[in-house]
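Since the structure comes first, as structure tokens, the remarks are kept for the end.
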Amino acid sequence: MVAAASGAVRRNVAACVAAAALFAGGCGGATPAADSAPAPAGTTPAVQTPTGGPSDSPSPSARSSGRSLAGAVVALDPGHNGGNGAHPEIINRQVDAGTLEKACDTTGAETNAGYAEAAFAFDVAKRLARRLRARGIRVVLTRKTNSGVGPCITRRAAIGNRANADAALSIHADGGPAGGRGFHVIEPASIPGYTAAIAPASHRLALRIRSAFRAGTGQPYATYIGSAGLDTRDDLGGLNLSTVPKIFVECGNIRNATDAARLSDPAFRERVAAALETGLVRFLRKHTE
Ligand SMILES: [Zn+2]
């Protein structure tokens with residue numbers, strides 16, 4: 001994500017691209033990859049299409065442990081992918097994001113030292129998946145490595161939908177203005193024909209995650225976007241196309257020195273995973289009872 005006008009629902013790709021140019025940002029939706037690195041002939045990988053496997057299922061011991069959340073399903077969507085930047089011909093392809101057409105995926109942001117948002121998001125997702133599975137929760141990931149390309153935002157939403165997830169969480173770090181810091185949660189606007197059915201539950205999920213994230217990580221609410229750690233958007237395909245409760249969490253501003261140092265620290269990423277686990281569990285206990 002990149003910063004735009006504080007609190008504003010962004011409605012056009014051009015504005016986001018312009019902001020991305022200013023902040024070298026990641027933007028969960030609209031930063032096209034540089035088109036200066038064409039793939040060598042014959043090496044273009046297919047857009048990553050993860051499939052379910054044995055690791056997606058709770059272990060027999062977890063399933064039989066009688067914990068109340070066994071059987072719940074969570075879709076985790078680590079933003080971007082490590083190979084996106086090298087394959088603009090794939091990720092810049094325009095897809096139908098519901099309310100608009102936009103790029104299949106984006107490159108994501110990175111720290112000045114070169115720690116990429118895609119790597120951050122994937123590491124947090126792995127840590128969080130481990131924690132949730134230990135509770136008997138079934139976890140579906142939208143990508144299983146950080147070396148592939150994509151998948152497109154359309155497929156990221158479809159994976160959560162197909163799993164009939166009780167909650168879906170897209171994990172990012174923002175590429176905002178260097179002077180701003182903090183985290184924010186993005187919830188879907190209520191759009192008739194798209195998100196109207198999931199908006200109320202997504203809002204409840206957003207509130208649980210916001211509360212647990214602030215308490216568990218000590219991160220302040222974002223100073224440069226949203227309001228009290230919440231933003232509402234209608235231009236993100238990953239939200240527009242979801243049929244299950246879904247939010248994005250922007251864990252910090254990877255372009256800010258203070259946040260970048262935290263996001264680059266494995267111990268902090270474990271705190272992030274623990275906080276997200278707490279928020280998800282609180283939501284699931286209400287949602288599935
Ligand atoms: Zn992002």
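A few remarks follow.
- Residues that are within 12 Å of the ligand (Cβ to nearest atom) and either modelled with pLDDT under 95 or farther than 28 Å from Y194 by Cβ (or both), drawn from the range 76-118: E110, A116
- Check on K126, closer than 28 Å to G179 by Cβ, out of contact with any His (no Cβ under 6 Å at 6 or more places or on another chain) and basic (K, R): no
- Taken over the range 121-174, residues that are assigned to a loop (DSSP other than H, G, I, E, B), within 19 Å of A72 (Cβ to Cβ) and within 16 Å of the ligand (Cβ to nearest atom) amount to 1.
- Options G108, G160: the member that is under 13 Å from the mean Cα position of the chain (by Cα) and at positive phi: G108
- Failed item, numbered, when V249 is tested on (1) away from the ligand (no atom under 16 Å from the Cβ); (2) under 16 Å from T223 (Cα atoms): (1)
- One residue from A125, A129, A118, A103 being over 20 Å from L239 (Cβ atoms) and aliphatic (A, V, I, L, M): A129
- Meets criteria (in a loop (DSSP other than H, G, I, E, B) and within 16 Å of the ligand (Cβ to nearest atom)) for D235: yes
- Considering each residue of the range 47-64 in turn, at least one proves to be part of a loop (DSSP other than H, G, I, E, B), modelled with pLDDT under 95 and within 12 Å of I153 (Cβ to Cβ).
- Every residue from the range 271-289 that is assigned to a helix (DSSP H, G or I), over 25 Å from G179 (Cα atoms) and among the charged types (D, E, K, R): E277, R282, R285, K286
- Filter pass, S242 being farther than 14 Å from A273 by Cα and within 14 Å of the chain's Cα centre (by Cα): yes
- For the range 244-289, a residue qualifies if it is under 17 Å from A206 (Cβ atoms) and surrounded by fewer than 24 Cβ atoms within 10 Å (Cβ to Cβ), and the qualifying residues are V244, E277, T278, V281, R282, L284, R285, K286, H287.
- Pairs are defined by a Cβ separation below 7 Å, a sequence spacing of at least 6 or placement on different chains, a first member in the range 190-209 that is closer than 15 Å to L276 by Cβ, and a second member that is at pLDDT 95 or above and part of a helix (DSSP H, G or I); the pairs so defined are L205/F283; R208/G279; R208/R282; R208/F283; I209/L276; I209/G279.
- Scanning the range 209-223 for residues that are surrounded by fewer than 23 Cβ atoms within 10 Å (Cβ to Cβ) and either within 22 Å of A118 (Cβ to Cβ) or touching a helix residue (DSSP H, G or I) at 6+ places or on another chain (Cβ under 6 Å) (or both) yields a count of 3.
- Qualifying residue in the range 194-203 (condition: of a type in the set (S, T, N, Q), assigned to a helix (DSSP H, G or I) and at negative phi): yes
The values are calculated or read from the model by the stated rules, or taken from the named source; none is laboratory data. Keep in mind it's a predicted model, so treat the numbers as computed, not measured. Cβ atoms come from the backbone with ideal geometry, glycine included; neighbour counts cover every protein chain shown.
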